[in-house]
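Peer 1: After the structure tokens below, expect a handful of questions from me.
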Amino acid sequence: MDTVVILLQVTIILACLVLGAKKGGMALGLIAGIGLVILVFGFRLEPGEPPVSVILTILAVIGCAATLQQSGGLDVMMQAAERLLRRHPEHVTILGPLVTWTLTVLCGTGHVVYTMLPIIADIAIKKSIRPERPMAASSVAAQMGITASPVSVATVSIVSIIADHTDKHWSVLQILMISMPASLAGVVLAALWSMHRGKDLDEDEEFQRRLENPEFRASLSSGSETLIGKTFPVEARRATWIFLGAIALVVVLGAFDALRPSFWNEEDRAFEPLSMNLVIQMVMLSAGALILLTCNVKAGKIASTTVFKSGATAMFSIFGVAWMTETVVGAHLEALESGLTGILADHVWMYAIVLFIIGKLVNSQAAGLLIVAPMALSLGVDPVVVVGFIGASYGYFILPTYPSDLAAIGFDPTGTTRIGKYVVNHSFLVPGLIGVATSCLVGSALAQLLLR
């Protein structure tokens, strides 16, 4: 009977995830509230702890990044990226993904990719390169950069989760020493594979058919949107340096515990350095305030930026989903330990599979980690394994429904970046699989080497 009850409760969670993902936007967090009501009032489960610390960290990071965008500092970074791409157009299939990955690493969110996609498509077309090659790889790379960013919620979450559920206190820098090269290796391999995918434009029947339309042919030769030549005020450049300085400060404080103030922990009877969650919150709030006060930012428009809107949606989803999942796991932890500990210990790769699937269902790497990693650690999975498989949290490329993938399709006028006849045979599937598999393999090897 206990098994039936657990399965029924898990079914409720999955139903909320599927329905929320289908609706999109903030629906995931809202519908998770229905699941919570059913679990608490219907099954009488004690509510779990909502991920307040992680949510506050997200809020601080997106507040700073949105202030940067409103100041024009984000456009300064985009202009530098475009200048690099247009200087070496023949290498756009390699440089495009590296540029979008780097932007995500710096900003902590993959939603900064939208400005770069039409630029990448324009460069590819003018160089007669099949746009699908750099476009699909660039969209995938932007999302893979999340686990390599020192200010992304996914990275900060894994540090907090491991500290809360084990006796390990690895720093952000220690995690990045594994996740950054693992993520980058996946991006590079996916880009290299993409260099020869599909037919060249002069051999592509669909593209040649479209060229017969004079309007289509004229649209390809017309000028495209560009940031090259645009002059930015000194305040925008100042905001960029403040933001980059804040990221550098987070990395340094995370690497050296002695630089952070220590406080007495009554439970452990020892002095402990200030947690990195609080450090990031303080640094990001302060950096956002400096940009606001010194870079001519209109405070009333910060909340209307795309960075703030996308970050707030992610934060809301994590709030509802992680709270709902924690409620079920906390209520049945002993039963889950007795039934799954041995299985996960003997087949650690199952953790990566579960994380990959949940990451797809919730369309968020941070939410996937917040759901799966605490449960896995509670069931005895080695924290080294959890860190090594952090790249498996990116599973939402399986179906081409994520905004950056849809944007890549929309910004490719040639139609080469597309959704296939059977939906799953789309442009992002193979680059995504190559990237995630490579990231997991490299990450696992580095974790065994550096964290043992």
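The values are calculated or read from the model by the stated rules, or taken from the named source; none is laboratory data. All values reported here derive from a predicted model rather than from experimental measurement. Note that each Cβ is placed from the backbone with ideal geometry, even for glycine, and that neighbours are counted across all protein chains shown. Only protein heavy atoms, including side chains, enter the accessible area calculation; ligands, DNA and RNA are left aside. Shrake-Rupley method; radii C 1.70, N 1.55, O 1.52, S 1.80 Å.
Peer 1: Using only the alpha-carbon atoms, how far is helix 276-294 inclined from the longest principal axis of the chain? Give it as 0 to 90 degrees, nearest 10.
Peer 2: 40 degrees
Peer 1: Which peptide among 371-379, 324-332, 62-70, 94-102 comes first, and what is the full order, when sorted by highest mean count of other Cβ atoms within 10 Å? Mind dumping the intermediate values first?
Peer 2: Working: 371-379: 23.3, 324-332: 21.8, 62-70: 27.2, 94-102: 25.4.
Highest to lowest by the protection proxy: 62-70, 94-102, 371-379, 324-332.
Peer 1: Any idea what the relative contact order of the chain is, in percent, if you count C-alpha pairs under 8 Å spaced at least 6 apart? Kindly include the intermediate steps, with their values, before the conclusion.
Peer 2: Numbers: 776 pairs, mean separation 121.6, N = 452.
After rounding, I find 27 percent.
Peer 1: Distance between the C-alpha centers of the range 94-130 and the range 1-36? Whole Å please.
Peer 2: 35 Å
Peer 1: Related question: For the range 110-167, report the convex hull volume of the alpha-carbon atoms normalised per residue, in Å³, without decimals. Walk me through the intermediate numbers first.
Peer 2: On the way: hull volume 4.4 nm³, N = 58.
Value for the range 110-167: 77 Å³ per residue.
Peer 1: Helix-only mean residue ellipticity at 222 nm, the chain, DSSP H runs n ≥ 4 weighted -39,500 (n - 2.57), per residue, nearest 500. What is it?
Peer 2: Theoretical 222 nm ellipticity from helices: -22000 deg cm²/dmol.
Peer 1: Considering only protein heavy atoms and a 1.4 Å probe, what is the carbon-and-sulfur percentage of the accessible area of the chain? Present the calculation step by step, with values, prior to reporting the outcome.
Peer 2: Working: 13150 of 19960 Å².
Roughly 66 percent of what the probe reaches on the chain is carbon or sulfur.
Peer 1: Further question: Relative to the longest principal axis of the C-alpha atoms of the chain, give the angle of the C-alpha long axis of helix 172-194, reported between 0 and 90° and rounded to the nearest 10°.
Peer 2: With rounding to tens, the tilt is 40 degrees.
Peer 1: Still on this structure, I have one more. Can you list the residues, at least 5 places off or on another chain, whose amide H is less than 5 Å from the amide H of Ser427, using H built in the peptide plane?
Peer 2: It is Arg418, Gly420, by chain and number.
Peer 1: Something else now. Counting only C-alpha contacts under 8 Å and six or more residues apart, can you give the relative contact order of the range 226-384 as a whole percent?
Peer 2: Values: 95 pairs, mean separation 27.8, N = 159.
Reported relative contact order: 18 percent.
Peer 1: Find how much the distance from Glu235 to Ala248 grows on full extension, using 0.36 nm per residue of separation minus their present alpha carbon separation; answer in nm with one decimal. Please report the intermediate quantities before stating the final value.
Peer 2: Values: separation 13, 0.36 × 13 = 4.68 nm, distance 1.99 nm.
Result for the pair: 2.7 nm of gain on full extension.
Peer 1: Divide, for the chain, the radius of gyration over alpha carbons by 2.2 N^0.38 Å, where N is the residue count.
Peer 2: That works out to 1.00 for the chain.
Peer 1: Between Lys126 and Leu274, what FRET efficiency comes out of the Förster formula 1/(1 + (r/R0)^6) with R0 = 51 Å and r the beta carbon distance, rounded to 0.05? It would help to have the intermediate numbers written out before the result.
Peer 2: Working: r = 51 Å, r/R0 = 1.00.
E between Leu274 and Lys126, to the nearest 0.05, is 0.50.
Peer 1: Quote the FRET efficiency, to the nearest 0.05, computed for Phe256 versus Thr166 with a Förster distance R0 of 25 Å and r equal to the Cβ-Cβ distance.
Peer 2: Values: r = 22 Å, r/R0 = 0.86.
In this case the efficiency is close to 0.70.
Peer 1: Helix 2-23 sits at what angle to the longest principal axis of the chain, using alpha carbons and giving 0 to 90 degrees rounded to 10?
Peer 2: 30 degrees
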